[in-house]
1. Please specify each residue of segment 18-48 satisfying the condition of being of a type in the set (A, V, I, L, M) and open to solvent by 50 Å² or more (accessible area, probe 1.4 Å).
2. Look at Asp18 and say whether it is of a type in the set (D, E, K, R) and not in a helix (DSSP H, G or I).
3. Condition first: touching a residue at least 40 places away in the same chain (Cβ under 8 Å) and either surrounded by 23 or more Cβ atoms within 10 Å (Cβ to Cβ) or within 12 Å of the chain's Cα centre (by Cα) (or both). Now tell me which residues in segment 205-226 satisfy that.
4. I'd like to know if segment 49-63 contains one or more residues that are in contact with a Pro (Cβ under 9 Å, 6 or more places away or on another chain), open to solvent by 40 Å² or more (accessible area, probe 1.4 Å), free of Cβ contacts under 8 Å to residues at least 40 places away in the same chain and not aliphatic (A, V, I, L, M).
5. Identify, by number, the condition in (1) under 30 Å from Arg148 (Cβ atoms); (2) at pLDDT 95 or above; (3) open to solvent by 70 Å² or more (accessible area, probe 1.4 Å) that Asn74 doesn't meet.
6. Here is a list of conditions, (1) at negative phi; (2) touching a Leu at 6+ places or on another chain (Cβ under 8 Å), and Gly92 meets all of them except one; can you say which number that is?
7. Return the residues of segment 282-302 that are in contact (Cβ under 8 Å) with a residue 12 or more places away in the chain and open to solvent by 70 Å² or more (accessible area, probe 1.4 Å); say none if nothing qualifies.
8. Give segment 87-102 a look and list any residue that's over 11 Å from the mean Cα position of the chain (by Cα), assigned to a helix (DSSP H, G or I) and small (Gly, Ala, Ser), or say none.
Amino acid sequence: MRILLHRADGQTEPWIKDFARHLPEAEVVVWHADEPLQPCDYAVTWAPPEAMLQALADVKAVFLTGAGADGILNFDAQLPHNVPIVRLGDAGMGVQMAEYVTHAVLRYYRRFDEYEAQARAGQWTPLQQHNREDFSVGVLGMGMLGTRVLQALKEFGFPLRAWSRSAKSMDGVQCFHGADGLDTFLRGSRVAVCLLPLTPDTANILNRTNMCKLPQGAYLINVGRGAHLAEPDLLTLVKSRHIAAATLDVFRNEPLPVQHPFWQEPRITITPHISALTLRRESVQQIAGKIRQMERGEAVADVINRQHGY
């Protein structure tokens, strides 16, 4: 068995060592654009370069080293549809995302962002706490990560809401779906958390029109993809105080350029795409298990639906 590995960061050796531990029967070869390649059975990548697509057309399956698929579905028309694309299922990302979002929500609920600004200014002023029953948290996306975030937030007693493309349900969460449900979802969400997959339908979903439907003084947390957010629209709404503050982990251009106006807006908190990092060992162990399932002719979980884009 031969596995084709591509890492944009060039850090392939630790992945090769982990595959040797969890799938010793496999030979792992690293893709290089300028080297001839023998046929491979499987491929492991995230956002492959276009020159790699021909090699992906001949494998039994492509395994992604992340939960999303937008990086590879940019080339969907060039990939044979008989080759399944398999994303990671959790592999340690769920708890990281729950930690990140819970921290951001509690920071705004307890007004720690405002206390941080006061401390920098040498001010000592206790602030009135938000009413918990009025501090509704709405999560856009009820996939693996969105569900894990909602489970974590339940412990704090916030009114919870969720929106998804199709109808879903979850105990203790008011659920909305489809275009008709989006307006109602937004109008009742004091905090909006974006955890959607990036598809043509969800690109720019956080635009001025939709963000204006959030209550006055709402908060935004974007941990989905940078292309979900119309960045100039958010800046305008933060400056007008319709959006009280925002926490952003993903951006259209990464790293975020030094001249980007977000850096100069103190009510926008920026982190460098670290909300849920790929954990290598857990990912390799999961991929190895799924490869063994496929070798036995069994169905595997987390196969991407190309029509839906996730």
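1. Step one: filter segment 18-48 for residues of a type in the set (A, V, I, L, M), giving 20, 23, 26, 28-30, 33, 37, 43-44, 47.
Those that are of a type in the set (A, V, I, L, M) and open to solvent by 50 Å² or more (accessible area, probe 1.4 Å): Ala20, Ala33, Leu37.
2. no
3. The answer is Tyr219, Ile221, Val223, Gly224, Arg225.
4. yes
5. Condition (2) is where Asn74 drops out.
6. Condition (1) is where Gly92 drops out.
7. Glu282, Gln285, Arg292, Glu295
8. Ala98
The values are calculated or read from the model by the stated rules, or taken from the named source; none is laboratory data. Remember, it's a predicted structure, so these values are computed and weren't measured experimentally. Ideal geometry is used to build each Cβ from the backbone, glycine not excepted, and the neighbour counts take in all protein chains shown. Surface areas here come from the heavy atoms of the whole protein model, side chains and all, with no ligands, DNA or RNA. Shrake-Rupley method; radii C 1.70, N 1.55, O 1.52, S 1.80 Å.
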